[in-house]
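A short reminder: the numbers here are calculations on the coordinates, not readings from a lab. Just so it is clear, the structure is predicted and the values come from calculations on it, not from any experiment. Neighbour counts run over all protein chains shown; Cβ positions are idealised from the backbone, glycine included.
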Amino acid sequence: MKPRVYIETFGCQMNVADTERAATGLRASGYDLCTSVDEADVVLLNTCSVREKAEQKAYTRIGELRAERPGNLLVGVMGCVAQLEGEAIFAQASSVNLVIGTRATDRIPELIERARDGEKRVLDLGERGDNESWDVSPVERHSPHVAFIPIIEGCNKFCSFCIVPYSRGRERSRPASEIVAEARRLQALGYKEIHLIGQNVNSYRPRVQDGLEGFSGATPFCRLLRAVAATGLPRIKFTTSFPRDFHPDIVTAIEENPNLCDWVHLPVQSGSDRILKLMRRGHKRSDYLERIQRIKNSSRRLALTSDMIVGFPGETDEDFQQTLELVKECDYDSLYIFKYSKRSGTPAAEFHDNVPETEKTARFLELEKVHRTAQEKIYRSYVGRKLSVLAERQSSRSEEDLSGHSTCHKVVNFRGDGTLEGEIVDVLVTAAKTNSLYGTLVGR
Ligand code: SAM
């Protein structure tokens, strides 16, 4: 019988995409992928290290796995914790058999082979090979209707708080010809929505122009958006955008192409220039607001979401007030708020973290309250409106309901049966909930 591998994924959409890629390679090398720890011969934890809690989760999970499955289960750690901690993982969790860095995804079959042959501690923190394929088999995708296409990996920004440049290496963009070909393949397979993903999608800079010929744009990313839109795929979303590299032509490309969806995720992290400078974001509050103006003045109503960090070292009450003001001004459809988490190896880890935990929590709650007020108003404004929704799955709340996303990336639930799954339908919104909308099917 073929050895069975179970991959458990934590963290961002890049980790989801890496899991899909790892599963594709494993199956091609004769492994079976299974859906639970109980059936597995090998368990791989695809880990996240962006905040301390996420990293702790990985170690907790290793302990749980050993308790659940004592005996000869092989346990591997992949992803960001693996890349950052390397050998140290073996010291901290002696039951781990494999440590697989973020650029070793395509070598996983050989690494597991070595562990199965009796090698006690298998470690690979190496770089990607030059001709490695980014291909993902449709059976390994996390959804049969929505697909992630990585267009850039790594990060060159070195924001002072962020571990990503250390865990994921330098930015590397995929040729547009490959991205467009993947979009076309997905379209032929019936996928209705793709997400172009990367830590900073709009910093996209491929080494070759293949696939961008004939498409104009102020930056390579704007050209890529137009090239992907030209495939005619019904819904195209992209995340995450980096403020400094957010060219207004991105909004123009959206305005020109109805299949570029009406949603922009533009993390700002703070509303205070002093803190933005300490964070080394490379943009000021006014630069950010200029970009937001273009988004808000678009001829299409574009949903806007962001990330914010509270309690960064040195953040005063006045800095925090500026963050509150910015959030009021931006009227975000959704805001992901994080309490600053010290990441060792980053420049900010050396700063004096003088904001007490209680103050971080108080700021978190206050910001959440201000944001919620704006969000509620926005969500209520959808009541009575018709939205185009991709029916993705049965709702987790009710067997009689389906759940999907609108083009503005709101979760929309509505009464409907399984035959609608995978279809784009019209839903009349009848109620606004905290983080979702509820409605009635009015057209297919
Ligand atoms: N590349 C994007 C950017 O910086 O704009 C997003 C990268 S990160 C994976 C996702 C979010 O996690 C960030 O936008 C930030 O708000 C949050 N984050 C990153 N490092 C953090 C830290 N040390 N403490 C708290 N939140 C953090």
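Of note:
- Segments 295-307, 223-235, 121-133 sorted - mean Cβ within 10 Å per residue, highest first: 223-235, 295-307, 121-133
- Prolate/oblate/rounded call for the range 46-106, Cα gyration tensor, a/c under 1.5 rounded: oblate
- Cβ-based charge dipole, the range 281-334, positive-most Cα from Leu289, Gly311, Gln322: Leu289
- A Cβ-based charge dipole, computed about the Cα centre of the chain with Lys and Arg at +1 and Asp and Glu at -1, lands at about 760 debye.
- The range 289-357: relative contact order in percent, alpha carbon pairs under 8 Å with at least 6 residues between: 43
- Here is the P(r) of the range 322-407: all C-alpha pair distances, binned every 5 Å from 0, give 3, 11, 14, 14, 15, 13, 11, 9, 7, 3, 0 in whole percents.
- Largest first and in whole Å, the equivalent-ellipsoid semi-axes of the range 283-436 read 36, 19, 14, each the square root of five times a Cα gyration tensor eigenvalue.
- Pairwise Cα distances in the range 232-351 exceed 17 Å in 57 percent of cases.
- Semi-axis lengths (Å, descending) of the ellipsoid that matches the C-alpha gyration tensor of the range 230-279: 29, 10, 8
- Inter-probe distance in nm under a simple model that places probes 7 Å from Cα toward Cβ, at Glu290 and Asp401: 4.3
- Cysteines, the chain, no other Cys beta-carbon under 4.7 Å: Cys12, Cys34, Cys48, Cys80, Cys155, Cys222, Cys261, Cys330, Cys408
- Translational diffusion coefficient of the chain (Stokes-Einstein, Kirkwood radius from Cα pairs, 20 °C, 1.002 mPa s): 92 µm²/s.
- Computed FRET value (nearest 0.05) for Ser299 with Glu119, which takes r as the C-beta separation and R₀ as 45 Å: 0.15
- Residue among Pro243, Ser167, Asn435 farthest towards the positive dipole end of the chain, charges placed on Cβ: Pro243
- Using only alpha-carbon positions in the range 50-181, the gyration tensor eigenvalues give semi-axes of 27, 19, 15 Å once each is multiplied by 5 and square-rooted (largest first).
- Taking a ≥ b ≥ c as the square roots of the eigenvalues of the Cα gyration tensor, the range 85-125 is classed as oblate, since a/c reaches at least 1.5 and a/b does not exceed b/c.
- Rg over Rh for the range 174-255 works out to 0.93, using Cα positions for both radii and the Kirkwood form for Rh.
- The reciprocal of the average 1/r between distinct C-alpha atoms defines the Kirkwood hydrodynamic radius, which for the range 115-238 equals 16.1 Å.
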